[in-house]
Structures are given as C-alpha cells and as structure tokens.
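The values are calculated or read from the model by the stated rules, or taken from the named source; none is laboratory data. Quick caveat: nothing in here was measured; it's all calculated off a predicted structure. Quick reminder, even Gly has a Cβ in these numbers, built from the backbone with ideal geometry, and neighbours come from all protein chains shown. For accessibility, only protein heavy atoms count, side chains too; no ligands or nucleic acids. Shrake-Rupley method; radii C 1.70, N 1.55, O 1.52, S 1.80 Å.
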Amino acid sequence: MKKIKTVRDFNFEGKKVLIRVDFNVPINENYQIIDDTRIQYSIPTIKKILSDKGKVILISHFGRPKGKFSKNFSLKFLVNYLSDELNTTVKFHNDCIGEKSEKKANELKTGEILLLENLRFYQEEEKEDINFSKNLAKLADFYVNDAFSVSHRLHSSVSVLPKLFNKKCKCIGILMEKEILFLDKFLSGKGKKPVTVLLGGAKIYSKIKIIENLMDFSDHLLIGGGISYPFIKIKGGKIGNSIIEIENNKNIDDKLISILNLNNKKNIISLPTDVIISDYFDNSANIKICDIYSIPDKWIGLDIGPNSIKNFCNIINKSKTILWNGPMGVFELQKFSFGTKSIAKAIANATTKNKAFSLVGGGDSVAALKMVGYEKKISYLSTGGGAMLEYLKNKNNPGIQAMMV
C-alpha cells in the first residue's frame with residue numbers, strides 16, 4: 001500500500017485538528033471504564049498535536065443510540081478520565097455540529113482539547129451523509145483518523161469527511177499507523193516461519209475470504225469455535241444442535257468444499273478433534289467430552305476439547321509468527337472457557353519464551369487474554385476485530401482509502 005502521511009509528518013502549531021478516535025469503550029453500570037486500550041493507544045496522537053501547540057477537537061461514537069440523543073450514550077463520562085490522562089482540562093460540548101459547536105471550536109486556545117458529543121446521535125453518521133460531513137469539516141483546519149477499529153465502516157466521519165480535506169490537511173494518527181504496519185508485516189509474509197493463524201468465533205461467512213487469503217502463506221491454520229462446525233458438517237460429521245451462523249449464504253457450502261479441497265494439497269488446516277458438549281446453553285448444564293464428528297442430537301458443542309487444546313498448543317509453541325482472532329468456545333461461561341484461555345496462555349508463552357511475534361485482534365480474543373492476565377505478553381493487540389479481518393481480506397478499508405484521495 002502507498003505510504004500514508006502520519007501526524008509525525010506535520011507541525012500543527014495554531015491549527016484546529018479534528019481527530020476521529022474510537023472511544024467506544026466498555027463501561028460498567030457506574031460508567032467506569034472496564035478496558036481503556038483504545039483510548040490509551042490514541043493518547044500519543046493527541047499529545048503530539050498538543051506538543052506542536054495545536055488545538056485538539058475529538059470526535060467519536062459510543063454505543064448504538066440509533067440517531068437519537070440519549071444520556072445513556074453521552075460521551076460526557078470521558079471528560080474526567082481524559083483530563084487526568086492528559087494532565088489538562090478537557091472541555092466538552094453537548095453536540096458535534098452546528099453553530100454552537102463551531103463557536104466552541106473557534107474559541108479553543110493553543111494546547112486545549114474539546115471533546116464533542118456522540119456522532120451517532122445523528123443518524124446521518126451511519127449513512128455516509130455529505131451534508132453532515134461538511135458540517136463536521138467546518139470545525140477544523142486539519143483531519144486526523146486515529147480510529148482503526150471503525151476504518152472498515154462506511155460512516156460519514158470515516159469514509160466521507162476525510163475526502164473534504166486536501167492531502168496537505170489530513171493524515172492518520174499513531175494508533176492507525178501501528179495497526180497498518182503490524183498487519184502489513186504479517187500479510188507481507190516477512191514474519192519468521194512457521195506462521196500460524198488461529199481463527200475462532202461464530203460467523204463463518206465473515207472469515208471465508210480470510211481463510212482463502214491466509215492459506216497462501218500460513219504454515220498452520222487452526223480453526224476452532226463456532227466456525228469449525230460448518231467444516232465438520234460438510235465433511236459428513238454429526239454436530240448435534242451446535243450453532244452455525246451463515247446468514248443464508250447459499251454459496252457457503254461450495255466455498256467450504258473448495259477450501260477443504262485446497263487443503264488436501266497444502267495440509268495446513270487443523271480442525272478440533274474433540275469438543276466439550278452441553279445439553280443446554282448454561283453454566284449449570286450437563287457437559288461431557290465428545291468426538292467433534294459425533295455430537296449427539298440436542299447437544300451443543302461449546303468449547304474445544306483436551307486433545308484439540310493439546311494439538312493447537314503444540315503447534316503454537318513451535319510457531320514464530322502468530323495471528324489470533326476469535327475465541328475457541330463460549331468463554332464467557334466458565335465451564336466453556338478453558339479452551340480459549342489455554343490458547344491465550346500458549347500464545348503469550350510463545351511470545352515471551354520463544355520470541356515469537358504475536359498479533360491478536362477482536363474484542364473476545366483480547367478479553368480472553370485479560371482474563372488470564374497475559375495481555376501485556378503479546379507483541380501487538382489490535383484495537384479492531386472487524387476492521388482487522390477486513391484488512392486481512394483486501395486492505396481496502398474505506399477509512400484508509402479515503403485518506404489517499
């Protein structure tokens with residue numbers, strides 16, 4: 001990909017800089033932040049602009065308010081946190097466009113920060129609306145995209161707004177730069193061999209193209225979680241009531257057969273051999289270990305079994321480059337978390353003890369690492385699950401493409 005300019009390529013003295021961040025962070029019932037990774041990753045970008053004596057205007061979405069104002073989805077809860085982290089008073093305005101927003105932006109002094117209200121209070125944000133984008137553009141002299149996790153979205157502030165700034169007045173932030181660099185390093189095949197990819201989760205349709213792409217240079221492709229069951233079924237296995245999410249894609253079987261035929265030549269895909277099954281979806285349910293090809297009727301596969309864990313972990317232990325996206329089971333329930341936790345530990349150990357390069361993305365995968373306290377033992381934690389997967393498909397994320405025109 002052609003090099004995109006970053007905040008390091010500019011001096012922002014005296015400029016009003018609109019930074020698209022993703023502060024859509026998990027919170028508890030008291031609006032305390034549970035995981036501040038995305039915010040922490042964007043702080044270097046904010047500090048760079050402040051150190052240049054620029055003026056920072058932050059825009060983000062939060063939750064899914066569906067185009068209507070709601071106190072439950074206000075970004076105001078971030079003010080004290082950001083003020084503490086940045087060691088300065090962060091101003092807040094209860095709107096993100098309009099004359100009052102423009103006035104607040106124009107009143108900013110050198111080194112000051114203004115946080116604007118949730119972009120998704122306007123339904124236009126999710127509709128690539130040109131007028132909404134023009135109103136946002138009025139706020140600043142310069143646009144910075146530091147929200148990799150939404151760079152795959154066709155949203156106004158991501159795919160339209162940057163096109164309203166010429167190339168001398170827009171760039172990506174430090175978070176975006178890191179994401180692209182690490183993903184490009186992985187996709188380039190420059191990582192040390194063996195290269196191992198672990199894919200889990202439930203939605204097979206979102207990972208078909210990725211599996212096809214990654215088969216070109218992976219040495220091992222480990223497939224677990226819900227996306228393993230369509231493969232088992234197409235191979236003639238009995239999967240009981242295990243959930244398959246295919247979104248009515250009529251071509252899914254043909255694509256799975258094509259992948260399996262290719263694997264007959266390459267022999268790089270490993271599927272689970274055994275699973276933890278349950279008679280219903282609950283921590284108090286009855287469970288047992290079962291061959292993945294012989295799950296009884298009315299039973300559900302909810303985690304990979306001990307033999308699968310051992311096989312996957314042995315492969316990870318011998319790997320020098322590792323990418324992981326998606327859990328191996330329903331790890332939110334304690335009875336079905338051992339497989340995912342075991343994978344998290346294995347990747348962390350391969351990174352710290354064997355000096356492997358590891359890249360982990362997706363909220364569930366990152367959450368699993370944090371459950372076992374190994375999040376700091378990974379080479380790089382990506383802030384985007386869906387965005388990372390889209391980038392692995394074709395590198396044409398709309399938010400990145402919009403920075404190049």
Worksheet entry | Net charge of Cβ neighbours under 13 Å - reference Asp297; Lys, Arg +1; Asp, Glu -1 | +1
Worksheet item: aspartates and glutamates within cross-link reach of Lys3: Cα-Cα under 18 Å, excluding same-chain residues under 8 positions apart?
Response: Asp146, Glu177, Glu179, Asp184
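What pairs from Lys235/Lys266; Lys66/Lys209; Lys288/Lys341 go past 23 Å between their alpha carbons? Walk me through the numbers on the way to the answer.
On the way: Lys235/Lys266 17 Å; Lys66/Lys209 30 Å; Lys288/Lys341 19 Å.
Lys66/Lys209, as the Cα separations exceed 23 Å there.
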Response to the item:
Other residues with Cβ under 12 Å from the Cβ of Ile343 give, with Lys and Arg +1 and Asp and Glu -1, a net charge of +1
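With every protein chain kept in place and ligands, DNA and RNA left out, what is the accessible area per residue of the stretch 140-220? Probe 1.4 Å, answer in Å². Working shown, then result.
Details: 2870 Å² over 81 residues.
For the stretch 140-220, the per-residue accessible area is 35 Å².
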Worksheet item: Which residues make up the longest stretch of the chain clear of GluC sites (Glu not before Pro) that lie in a DSSP loop with no more than 12 other Cβ atoms within 10 Å, not counting the sites?
Response: 248-405
Discussion item. Check which residues have an amide H placed less than 5 Å from Asn118's amide H, if you skip close sequence neighbours.
Written reply: Leu75
Worksheet item: Are there any helices in the chain, counted as whole DSSP H runs, that stretch 18 Å or more along their axis by Cα and score at least -0.5 on average by Kyte-Doolittle, and if so which?
Response: 37-51, 174-187, 252-266, 338-353
Worksheet entry | Order of exposure, largest accessible area first, which applies to Ser159, Ser379, Ser270 with probe 1.4 Å | Ser379, Ser270, Ser159
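If the chain between Tyr205 and Ile234 were fully stretched, how many nm would it gain, using 0.36 nm times the residue separation less the Cα-Cα distance? Numbers along the way, then the final one.
Values: separation 29, 0.36 × 29 = 10.44 nm, distance 1.46 nm.
Here the segment from Tyr205 to Ile234 would lengthen by 9.0 nm.
Filter the chymotrypsin sites (Phe, Trp or Tyr not before Pro) in the stretch 1-63 down to the DSSP loop ones having no more than 15 other Cβ atoms within 10 Å, then list what survives.
Details: sites: Phe10, Phe12, Phe23, Tyr31, Tyr41, Phe62; in loops: Phe10, Phe12, Phe23, Tyr31, Phe62.
Here the chymotrypsin sites (Phe, Trp or Tyr not before Pro) that fit, given the DSSP loop and packing criteria, are Tyr31.
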Fill in: Beta bridges per DSSP with both ends in the stretch 1-158, % antiparallel, nearest 5
5 percent
Worksheet item: Considering amide H positions built from the backbone, and no H for Pro or chain starts, which residues 5 or more places from Phe357, or on another chain, come under 5 Å of its amide H?
Response: Thr321, Ile322
Worksheet item: Over the heavy atoms of Asp297, what accessible area does a 1.4 Å probe trace out, to the nearest 10 Å²?
Response: 130 Å²
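What number, in percent, do you get for the relative contact order of the chain if the mean sequence gap of Cα pairs under 8 Å and at least 6 apart is divided by its residue count?
Working: 849 pairs, mean separation 62.2, N = 405.
After rounding, I find 15 percent.
If you count the DSSP beta bridges with both ends in the chain, what percent of them are antiparallel, to the nearest 5?
Numbers: 10 of 50 bridges.
Roughly 20 percent of the DSSP beta bridges within the chain come out antiparallel.
Divide the volume of the convex hull of the Cα atoms of the stretch 1-115 by its number of residues and quote the answer in cubic angstrom per residue. Provide the component values of the computation, followed by the final result.
Working: hull volume 14.9 nm³, N = 115.
Looking at the stretch 1-115, the number lands at 129 Å³ per residue.
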Practice prompt. Just read off the accessible area of Met371 with the full protein assembly in place, 1.4 Å probe, to the nearest 10 Å².
Written response: 100 Å²
Fill in: Solvent accessible area, Å² - His220, 1.4 Å probe, full protein context
60 Å²
